[in-house]
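Notes to accompany the following structure.
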Amino acid sequence: MSRLPARLSEPLARLFPVGVVVAELGSVVGAEMLWPEEILDSKGFAPKRVREFAGGRVCARRALAEFGHTAVALRRGGDRRPIWPDGFVGSITHSNGYCAAAAAPACNFRAIGLDAELVGIEGGLWPQICPPREIAWLESLPDRLRMTAATLIFSAKEAFYKCLCGIGGGWLDFHDVTVRIEGPELAENGTLLAELLRSDEGGAGRVLAGGFRIDGDRVTTGFALTADR
């Protein structure tokens, strides 16, 4: 197995409480970075999907290595999510050649959700993603910030969904979750709140605080559910 090319990311680790490790990879890797079991799991994937799959696994192994857990294949579960080693939780994201993964001990965290997106959510997509309150917030922003802010809402709902899935939550629609971001404009780094509106996915009113980072044309968001929640 080649040396892992992913690197740890302190800026992305700050999206989460202390104890979560995040690794990222901005270059393309291929099937040579996969373990034999993972190659079986990726059989039939298109070449682009294999590269994404491999990059995510490389990042996950780099994050797990910080806990002394290096020799591990991350299988693909029946729900298509990674099967993390016993004693750990995590989340993987990939977007246009970029991959990242977060991992943490299960004794401290019940679930993690990480998502990265390229800015590109235009106004015509807002009604599919946002309820009226979020659309009103987007319309209150300067034109130059609206697409970034809409992408941030989209990414936050994806990360929240991944986190909820980690504790057995089912399928969510974008309108089942509402996202709140403080302040009239967007900073490079910040915090946000995601609230679950549906009552059949762990209880309506569940609110999680998360973090976001805007780095050029990429938006990354993260949520963590601690063991005491």
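Details
- No other residue among 49, 76 is free of Cβ contacts under 8 Å to residues at least 60 places away in the same chain, surrounded by 14 or more Cβ atoms within 10 Å (Cβ to Cβ) and of a type in the set (D, E, K, R) apart from 76.
- Residues satisfying the stated conditions in segment 1-37, i.e. assigned to a helix (DSSP H, G or I), surrounded by 15 or more Cβ atoms within 10 Å (Cβ to Cβ) and at pLDDT 95 or above: 12, 13
- Some residue of segment 154-172 being in a helix (DSSP H, G or I), under 25 Å from residue 91 (Cα atoms), in contact with a helix residue (DSSP H, G or I) (Cβ under 8 Å, 6 or more places away or on another chain) and modelled with pLDDT of 95 or more: yes
- Residue-level check: of (1) at positive phi; (2) in contact (Cβ under 8 Å) with a residue 60 or more places away in the chain; (3) of a type outside the set (A, V, I, L, M), residue 162 misses just (1).
- Each residue in segment 180-191 was checked for being modelled with pLDDT of 90 or more and either more than 20 Å from residue 217 (Cα to Cα) or assigned by TED's automatic domain parsing to the domain that holds residue 11 (or both), and 1 pass.
- Tabulated pairs, segment 178-203, first of a type in the set (Lys, Arg), second modelled with pLDDT of 60 or more, C-beta under 6 angstrom, 6+ apart or interchain: 180/193; 198/176
- Residue within segment 152-167 that is farther than 16 Å from residue 223 by Cβ and either touching a strand residue (DSSP E or B) at 6+ places or on another chain (Cβ under 8 Å) or not assigned by TED's automatic domain parsing to the domain that holds residue 79 (or both) present: no
- Residue in segment 79-101 that is farther than 21 Å from residue 218 by Cα, part of a strand (DSSP E or B) and at pLDDT below 95 present: yes
- Identity of the residue in segment 126-159, more than 28 Å from residue 25 (Cβ to Cβ) and of a type in the set (A, V, I, L, M, F, W, C), that ends up surrounded by the fewest Cβ atoms within 10 Å (Cβ to Cβ): 136
- Count of residues meeting criterion [in contact with a Gly (Cβ under 9 Å, 6 or more places away or on another chain) and part of a helix (DSSP H, G or I)] in segment 102-134: 0
The values are calculated or read from the model by the stated rules, or taken from the named source; none is laboratory data. Just so it is clear, the structure is predicted and the values come from calculations on it, not from any experiment. FYI the Cβ positions are ideal-geometry reconstructions off the backbone, even for glycines, and counts take in every protein chain you see.
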